[in-house]
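S.K.: My questions all concern the structure below.
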Amino acid sequence: MSTAVLTEPPAGDVFAALADPTRRSVLQRLADHGDGTATTLADGLPVSRVAVVKHLGVLDRAGLVAKQRQGREVRYRVQPQRLSDTARWMDELATAWDVRLAALKRLAEGAEAGEEGTTEGPEGAAARERESASIGIFDDLYGEGHLERLREDERF
């Protein structure tokens, strides 16, 4: 069974940065206005300017914003590449899961139709192919040999 090769997963700091609702709000404001200072971004938020500076630091370390000093001001703007990379990785992950779940569905539907007992002819070959694919999927999800250990476990 062939499995899709995912691009490199985004660093956890991207997800950690996006997990906070205030940081998401700050990022959205930057996306809406192009750029901003900590003072302009803090306007209308339920946190202080100092807190916004700290949130911007987290977003900066995650590569989601960039800062540029202009005189006495520090202006921030969105860095779309990290968001694009993260979205692309999530899309690839979702596609890989869709393929796995579709294979499991075909296997389950084949078992319901009573095809699992067929061992000869084209039907038997198809059933063996589905079983092999499902074992490959199971190994991808839970590690090689896990299905065999479950089969040996008397509880199952």
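What follows is calculated from the coordinates using simple rules that are stated; it is not laboratory data. Just so it is clear, the structure is predicted and the values come from calculations on it, not from any experiment. For neighbour counting, all protein chains shown are included, and Cβ atoms are generated from backbone atoms with ideal geometry for every residue, glycine included.
S.K.: Counting only other residues whose beta carbon sits under 13 Å from that of residue 37, what net charge do I get with K and R as +1, D and E as -1?
M.R.: That works out to +4.
S.K.: Work out the length of the dipole vector of segment 12-78 about its Cα centre, built from +1 on the beta-carbon of each Lys and Arg and -1 on the beta-carbon of each Asp and Glu, and round it to the nearest 20 debye.
M.R.: With only Lys, Arg, Asp and Glu charged at Cβ, the dipole is about 180 debye.
S.K.: Length gain on complete extension for the stretch residue 33 to residue 74, per 0.36 nm per residue less the alpha carbon to alpha carbon distance?
M.R.: 13.2 nm
S.K.: Can you give me the long-range amide H partners of residue 37? Hydrogens built in the peptide plane at 1.01 Å from N, cutoff under 5 Å, separation of 5 or more residues or another chain.
M.R.: Amide H to amide H, under 5 Å and 5 or more residues apart or across chains, residue 37 pairs with 76.
S.K.: Just need log10 I(q)/I(0) for segment 12-78 at q = 0.14, 0.27 Å⁻¹, Debye formula, equal scatterers on the alpha-carbon atoms, no solvent, rounded to two decimals.
M.R.: Listed by q, the Debye log ratios stand at -0.34, -1.29.
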